[in-house]
Each structure stands twice: as C-alpha cells, then as structure tokens.
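Q: Take a look at this one; I'll ask things after.
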Amino acid sequence: MFNDDKKIASDNTVKNSLANFEVTVDGLDKIIMLFFPSMRNAFVERYRAQTIANIGIEAVRLANDSSITLNAIPPKAALPLIEEMSLEHEQPMYEVWAKLLVASASNFDPIQQQYAHILSNINSKQANLLKIVYNKQNSVKLEEMYDEYVSKRLYIKQYNDMHQFDTLFTHISQIPSFSFPHSIEGEAKLCHQNRFFDEEVSVMVLSGDQENMLLSLTKLGLIKYDICELIWEDPRITKYGMLLTNFGYSFIKCLETMK
C-alpha cells in the first residue's frame, strides 16, 4: 500500500515523464501506443500545444518589434491555422508561421487560409529558397514576362524546324531572352563522349533533392523554372533558372511585410 507521500511522488514521476518525453528511442513510441495509449494521446496533445505556444511567443515578439497591433483572427480562419501550425516539427519554420500569424492578426485576408496550407506542405529549406528568390525578384508581374518569353521561344523553334536549312543563322538573333531572378547549378557527372573531341565531358544535372524541391514548389503554384543555360546543342545543362509566380510572390510578400 502506498502512502500519500509515495503517491505524490508517483504522480510527479508520471508528469515529469510526460513533460520530458521525446520520441527519439527506437520503438519507444510503439510501446507507449500499445501499453499506454492515454499517455501517447497526452504526449501528442502536449506537443501540439507546445508548438502553438512557441509560434505564438515568436509572433508576439515580431509584433512588438514592429509595433504592430494584433486583432482577433476570424474563427473560420483561426481554427485551420491552429490545426496546421500545431503539426510543425521544424523549429526554423516557427518564425515563418509566426509571420503568417502576425499578418493574419493585423490585416486579415481570406487568401491567408491558403497560405497556411502552403506552409504545412513546405520545409525550411524550401522556405529559405523562396525567400532568396523573392529578394532578387523585383516585380510581381514577372510571370507574365516569362510566359511571353516561353511563347515566343516555342514559336521560333517551330518556325526554324520547318525552315531549318535557310534560317539556322538568319533567325538566331530573334531568339528571345529572359533573365531569371535566381538560378540553381546542378551536380557534375561524367557523361558520354563529346561529339567534337574524343573525351568524356562533365555534365551538370540537378540532383534528386534539387529536382524534387523544384517540382514540389511548382505543384504548389509557387514557382516556375526552366533551363537557363545550354552549351550549343549538347545536352550539357549548367543551370536552371526559377522565378516566383504571381501567387508565390504575394505569398512571400505577405510573410515578409506582415502589414
């Protein structure tokens, strides 16, 4: 039979165990789920509450530093926002979520609900890349210029394919140019024999992580990208250029200005 002192000590042990519980030991989370499901639920709830608190504290700091007045976020937007940000597991993303929280509480716009969904689908590396492009891209309308460039380039290519013998050099000056605000260099890999010299050439290609990152951001409607440098007709890709779409630019602008 436990006396009162032992019971208090036992209760404190359980509380301290929950407070310090981290799923870092292989299989520990499965054991907790199997034998102590209520403790696992308590851990998950505590983790999500702690994440909300950490982001909230950062949001208050940002608001105070910028003298921003915070207002109540409408429930229709607040509940999905809390749900999404409570699942964040990367600490570097706390500040990004905090910026969205401040923007929503200072100047609410329904589109910010989509921004919360976007943040829940990107990681800190992707968020940092988007910010780099934003800082280099000085126009929200760059997407229209890029689309016009793609259309002209496609037209000239089709025209030259039909008249390739007499227009190879005549229309070279008509090929449109476009300056991407940011570019990514691939990784060097040895490839086939050079068609002009009897030697292997080093080809720059995107790594799997780079390609997946660009594809993911494209599917979210945040960026557009394309080859921005080719050497002659040899498929030696040295760089991929990228730009923010209008939606992507507005998304990052919301986070960076917060007003």
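Q: So if R0 is 35 Å, what FRET efficiency would T257 and V44 give, r being the distance between their Cβ atoms, rounded to the nearest 0.05?
A: E(calc), rounded to 0.05, equals 0.55.
Q: Sorting S104, S177, S86 on the 10 Å Cβ count, fewest up front, what's the list?
A: S177, S86, S104
Q: If you don't mind, another one. Can you give me the Kirkwood hydrodynamic radius for the range 67-120, using every pair of distinct Cα atoms, in Å to one decimal?
A: For the range 67-120, inverting the mean 1/r across all distinct Cα pairs yields 11.2 Å.
Q: Still on this structure: What is the Cα centroid distance between the range 120-134 and the range 71-118, reported in whole angstrom?
A: Cα centroid to Cα centroid, the span is 16 Å.
Q: Using the number of other C-beta atoms within 10 angstrom as an exposure proxy, rank L70, L217 with the fewest first.
A: L70, L217
Q: Taking R0 as 30 Å, what's the FRET efficiency between K141 and S66 from their Cβ-Cβ distance, rounded to 0.05?
A: Computed FRET efficiency for K141 and S66: 0.65.
Q: Further question on the same structure: Among H182, H89, H117, which comes first, second and so on when ranked by fewest other beta-carbon atoms within 10 Å?
A: By the 10 Å Cβ count, ascending, the order reads H89, H117, H182.
Q: Past 24 Å, Cα to Cα: identify those pairs from K99/K125; K76/K125; K76/K99; K76/K224; K99/K239; K131/K152, in the order given.
A: On the way: K99/K125 17 Å; K76/K125 30 Å; K76/K99 19 Å; K76/K224 31 Å; K99/K239 32 Å; K131/K152 29 Å.
Table pairs above 24 Å Cα-Cα are K76/K125; K76/K224; K99/K239; K131/K152.
Q: How far is it, in nm, from the label point at L87 to the one at E187 when both lie 7 Å from their Cα along the line to the Cβ?
A: Reported label-point gap for L87 and E187 is 3.0 nm.
Coordinate-derived values only; no laboratory data. Since the model is a prediction, treat every value here as computed from it, not as a measurement. A quick note on method: Cβ atoms are made from the backbone with ideal geometry, for glycine too, and the neighbour counts reach across all protein chains shown.
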